[in-house]
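Asks: Below is a structure I'd like to ask you about.
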Amino acid sequence: MARVGLISDTHGLLRPEATAFLRGSDLIIHAGDIGDASVLEELAALAPVTAVRGNNDHGAWAARVPPTATVRVDGVRIHVVHDVAEVDEAPLPRGVRVVVAGHSHTPSVRERDGLVFVNPGSAGPRRFSLPIAVGELRIAGTSVRARIVELEVAPTARRRTP
């Protein structure tokens with residue numbers, strides 16, 4: 001069974017609690033608003049990373065990050081965007097079973113028309129009263145299970161400055 005770690009909206013802050021959760025993943029997906037190239041470097045030390053650019057990702061490093069990505073894990077195709085509204089604007093690649101998106105900072109797992117939509121929430125700076133969260137996909141063949149995990153985080157975590 002493959003384990004795909006999901007993270008989004010780090011905004012330059014890769015919390016140790018998120019890193020601990022993602023350790024042991026076969027693949028890590030970052031759904032945008034990365035904030036700093038060092039976040040991707042630290043994630044890549046844990047597992048291969050597929051990342052997309054968010055609306056707050058700017059600069060030369062961000063220009064190298066694609067706006068969308070599609071990956072296959074076992075028999076499951078996963079499409080990654082930052083804002084799920086983009087899915088309504090353009091057709092999905094053929095055979096996609098899971099859509100991973102961030103942007104709203106609101107963690108959720110829902111199914112619509114045979115597609116599983118996962119928003120791992122925000123693992124970076126807290127926004128309003130929303131939880132700090134990450135997610136995972138467990139994939140075996142064509143079977144996929146998604147879940148969200150709210151992280152208990154230290155109140156002293158600070159944001160990286162580029």
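Asks: Output the residue which, of all residues in segment 79-105 that are modelled with pLDDT of 95 or more and not in a loop (DSSP other than H, G, I, E, B), is surrounded by the most Cβ atoms within 10 Å (Cβ to Cβ).
Replies: So the residue we want is Val100.
Asks: Select from segment 106-123 the residues that are assigned to a loop (DSSP other than H, G, I, E, B) and either β-branched (Val, Ile, Thr) or modelled with pLDDT of 95 or more (or both) and list them in ascending order. Spell out the reasoning first.
Replies: Within segment 106-123, the first condition is being assigned to a loop (DSSP other than H, G, I, E, B), and the residues that meet it are 106-107, 113-114, 120-121, 123.
Of everything in segment 106-123, those that are assigned to a loop (DSSP other than H, G, I, E, B) and either β-branched (Val, Ile, Thr) or modelled with pLDDT of 95 or more (or both) turn out to be Thr106, Pro107, Pro120, Gly121, Ala123.
Asks: Give all pairs with beta carbons closer than 8 Å in which a residue from segment 74-102 that is on the phi < 0 side of the Ramachandran plot and in contact (Cβ under 8 Å) with a residue 24 or more places away in the chain meets a residue that is surrounded by fewer than 13 Cβ atoms within 10 Å (Cβ to Cβ) and in a loop (DSSP other than H, G, I, E, B); count only pairs at least 6 apart in sequence or on separate chains.
Replies: That search, which allows pairs on different chains as well, returns Gly75/Gly141; Gly75/Thr142; Val76/Thr142; His82/Asn55; Asp83/Asn55; Arg97/Gly114; Arg97/Thr142.
Asks: Select from segment 48-64 the residues that are under 16 Å from the mean Cα position of the chain (by Cα) and among the hydrophobic types (A, V, I, L, M, F, W, C) and list them in ascending order.
Replies: Val49, Ala51, Val52, Ala62
Asks: Would you mind finding the one in Thr68, Thr106, Thr142 that is of a type in the set (S, T, N, Q), over 21 Å from Ala18 (Cβ atoms) and touching a Gly at 6+ places or on another chain (Cβ under 9 Å)?
Replies: After ruling out the rest, the residue left standing is Thr142.
Asks: If you don't mind, there's one more thing I want to ask. Taking the options Val65, Val4, name whichever one is under 24 Å from Pro125 (Cα atoms) and not in a strand (DSSP E or B). Spell out how you get there, then give the answer.
Replies: Working: Val4 fails: not in a strand (DSSP E or B).
One residue alone meets the criteria, Val65.
Asks: From Thr70, Thr142, which residue is within 26 Å of Asp26 (Cβ to Cβ), of a type in the set (Val, Ile, Thr) and more than 18 Å from the chain's Cα centre (by Cα)? It would help to see each step written out before you state the result.
Replies: On the way: Thr70 fails: more than 18 Å from the chain's Cα centre (by Cα).
Unique residue meeting the criteria: Thr142.
Asks: So, one more: Do any residues in segment 143-162 that are within 22 Å of Asp74 (Cβ to Cβ) have Cβ atoms under 8 Å from those of residues that are modelled with pLDDT of 50 or more and among the small types (Gly, Ala, Ser), where the two are at least six apart or on different chains, and which pairs are they?
Replies: Pairs found: Ala146/Gly135; Arg147/Gly135; Ile148/Ser108; Ile148/Gly121; Ile148/Ala133; Ile148/Gly135; Val149/Ala133; Val149/Gly135.
Asks: Here's a follow-up. Identify, by number, the condition in (1) buried (at least 18 other Cβ atoms within 10 Å of the Cβ); (2) without any contact (Cβ under 8 Å) to a residue 24 or more places away in the chain; (3) of a type outside the set (Gly, Ala, Ser) that Val39 doesn't meet.
Replies: For Val39, the exception is condition (2).
The values are calculated or read from the model by the stated rules, or taken from the named source; none is laboratory data. Here the structure is a predicted model, which means the values were calculated and not measured. Neighbour counts run over all protein chains shown; Cβ positions are idealised from the backbone, glycine included.
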